[in-house]
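Taking it in order: structure first as structure tokens, then the write-up.
No lab work stands behind these numbers, since they all come straight from the coordinates. Please read all numbers here as calculations on a predicted model, not as lab measurements. Note: ideal-geometry Cβ built from the backbone for every residue, glycine included; neighbour counts use all protein chains shown.
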Amino acid sequence: MENWTKITMKTPLVEMDGDEMTRIIWKMIKDILLTPYVDLNTEYYDLGLEHRDATNDQVTIDSALATKKYGVAVKCATITANAERVTEYNLKEMWKSPNGTIRAILDGTVFRTPILVKGITPFIPSWTKPITIARHAYGDVYKNVEATVPAGAKAELLITKEDGSEEKILIHEYKGAGVLQGLHNLDDSIESFAHACFQYALDLKQDLWFATKDTISKKYDHRFKDIFQEIYDRDYKEKFETAGIEYFYTLIDDAVARVVRSEGGYIWACKNYDGDVMSDMVATAFGSLAMMTSVLVSPEGFYEYEAAHGTVQRHYYKHLKGGSTSTNSIATLFAWTGALRKRGELDDNQSLVDFANKLEKASIDTIENGIMTGDLASMSNLPNAKTVGTEEFLLAVRDTLETLL
């Protein structure tokens, strides 16, 4: 754009690069839609699997600590290593999920919200408003300790208290071989989760639902339920009533039934694993995982924006062979706009906020004008829907953006 003065940034944004097709898209977004308009000020961390391996995953820890320093981060999708990836990338070890590491350090809550566009009807037609999943981001199965157990063994839970006294609880006597898993969580983290959910509900002026399985898990899940209720009654009940919104607790199976029958427009708080699964379900039912925003919010006021999906491995291999791809970049693009907007808000930089808003509008307008990637074209009921390639779509967004600027 001629005569455009690039928007300056006062404070750096923490930039976490990633893997495979999303890494390719990451660079395209910066080259096509960001650097021509914004004098990008980022502190860069390469969270690509090879570099994580080379640094023994220290780069992931450093990126999370930088987020604490600067307050706002934007993250590309990353590979979580499994046995096949260890072989494929010749890794030193099976490194843990970078998202899990970052979430544990920031002790935040992940809020995931679908992006609605005209022409794509949710698979559940009654859903007319977005459903935000609030996912606890610490502990449970993501911090588990597990073992295979031989036949004839006895498994016990041993708690050694500060005074040296011990409490033993029998888990199971194994007549045949089996497996074992130990989970934990912390009151402090559950309290942070509760505060984040209540504050976010007040910000959005939306009802908050919280669901676990306390009828079966009478101590573990019940602890979550009790902490939420105590904090709500003490700190938020009056604020919720003044705002005209509601908080309620229900069983996870009851919540699923209610969600399916609802019109949307609320925040659904879930424990770590439940939130992982339910956010994928909600995203897919609204249309696509690639149309889901995701932000990690810590109680200290740190924000990390990312796409809610993976690294799009299949498209990456096609890209490596020189094939054309039509990969949806919206969730990655909205990670950038979310981070730029928050950076602008915290720095009192209205130009940056306005740019982020216009870039989001340009993205949605482009799709609603019938130009979209293959995943959306296959779902769209627009009469003029046209499938374009990965880069073509971003160039079309740029054309729309220029008219808005």
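Per-structure values
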quantity: Inter-label distance, nm, simple model (7 Å from Cα along the C-beta direction), Thr160/Asp62; calculated: 3.6
quantity: Calculated from backbone phi, Karplus (6.51, -1.76, 1.60) coupling profile of the stretch 60-65 in Hz, x at Gly/Pro; calculated: 5, 4, 4, 5, 5, 5
quantity: For Glu43, distant residues with modelled amide H under 5 Å away; calculated: Leu13, Val14, Glu15
quantity: Cα-based convex hull, the stretch 239-328, per residue volume (Å³, whole number); calculated: 149
quantity: Residues Ile24, Ile330, sorted so that the one with the fewest Cβ neighbours within 10 Å comes first; calculated: Ile24, Ile330
quantity: On Cα atoms only, tilt of 272-286 relative to the major axis of the chain in degrees; calculated: 40
quantity: D (Stokes-Einstein, µm²/s), Kirkwood Cα radius, the stretch 171-320, 1.567 mPa s at 4 °C; calculated: 73
quantity: Within the chain, percent of DSSP bridges classed antiparallel, to nearest 5; calculated: 45
quantity: Computed lengthening from Thr5 to Glu230, 0.36 nm per intervening residue step minus Cα-Cα distance; calculated: 75.9 nm
quantity: Hydrodynamic radius of the chain per Kirkwood, over alpha carbon pairs, in Å; calculated: 22.8
quantity: Ordering of 284-293, 180-189, 159-168 by burial proxy (mean other Cβ atoms within 10 Å per residue, highest first); calculated: 284-293, 180-189, 159-168
quantity: Kirkwood Rh and Cα Rg combined as Rg/Rh, the stretch 220-265; calculated: 1.03
quantity: By average C-beta atoms within 10 angstrom, highest first, the peptides 110-119, 240-249; calculated: 110-119, 240-249
quantity: Alpha carbon centroid spacing (whole Å) that separates the stretch 238-317 from the stretch 8-75; calculated: 24
